[in-house]
1. Provide, for q = 0.10, 0.14, 0.18, 0.23 Å⁻¹, the log10 of I(q)/I(0) from a solvent-free Debye sum over equal Cα point scatterers in region 27-119.
2. Helix 31-44 versus the longest principal axis of the chain: what angle, 0 to 90°, nearest 10, using Cα atoms?
3. Kindly put 107, 168 in sequence by how many other C-beta atoms sit within 10 Å of each C-beta, fewest to most.
4. In what order do 140, 87 fall by count of nearby beta-carbon atoms within 10 Å, going from fewest to most?
5. What is the order of 37, 69, fewest Cβ neighbours within 10 Å to most?
6. Do you know the relative contact order of the chain, to the nearest whole percent, from alpha carbon pairs under 8 angstrom that are 6+ apart?
7. Using a cut-off of under 12 Å, list every residue of region 70-84 whose amide N is near the label point 7 Å from the Cα of residue 21 along the Cα-to-beta-carbon line.
8. So, R0 is 30 Å and r is the distance between the beta-carbons of residue 56 and residue 167; what FRET efficiency does that work out to, to 0.05?
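No lab work stands behind these numbers, since they all come straight from the coordinates. Because the structure is a prediction, the values reported are computed rather than measured. With ideal geometry, Cβ positions are generated from the backbone for all residues, glycine too; neighbour counts draw on all protein chains shown.
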């Protein structure tokens, strides 16, 4: 695994490489080289199994992080390819030509985060949220509380309880509830 990471570090000028375990590494690559690196690992290092694709919203840095996780069944090793996109114009080259199931991940990420994957099959169709008109719901600047208050009406008979106090009352109804001392003082 270390030899593979060394080779791709030199070939793709990787920005960061971290070994999570002996059989798992994560590397960071510039956006323009990400799909080429994934293709290289599939074609030349037998990372034939696409495990998953995910996204993280680093709102403080103004970036999205995409992660492609690949597996080499012969060597029993995994590698994660991380790349970063600007939040203001999030567009990434599609990788659906490498594994057929990638289009599903890309479609979900487009709906949830607003990242476009031009040319990916059905990328512009609704995935789960039919008729959604708000900003993408997994972006950290989406206010779920404000959306819920605006969209759903309050229903009579609903109560909110402090979970710790409520469980003590339910589990130990005959014991008096005492206030916990604030340890942050």
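1. For region 27-119, the Cα-only Debye profile gives -0.24, -0.47, -0.77, -1.21.
2. 60 degrees
3. Ranking 107, 168 by Cβ neighbours within 10 Å, fewest first, gives 168, 107.
4. Sorted ascending by nearby Cβ count, the order is 140, 87.
5. With the fewest neighbours first, 37, 69 line up as 69, 37.
6. 14 percent
7. 76-79
8. It comes to 0.35.
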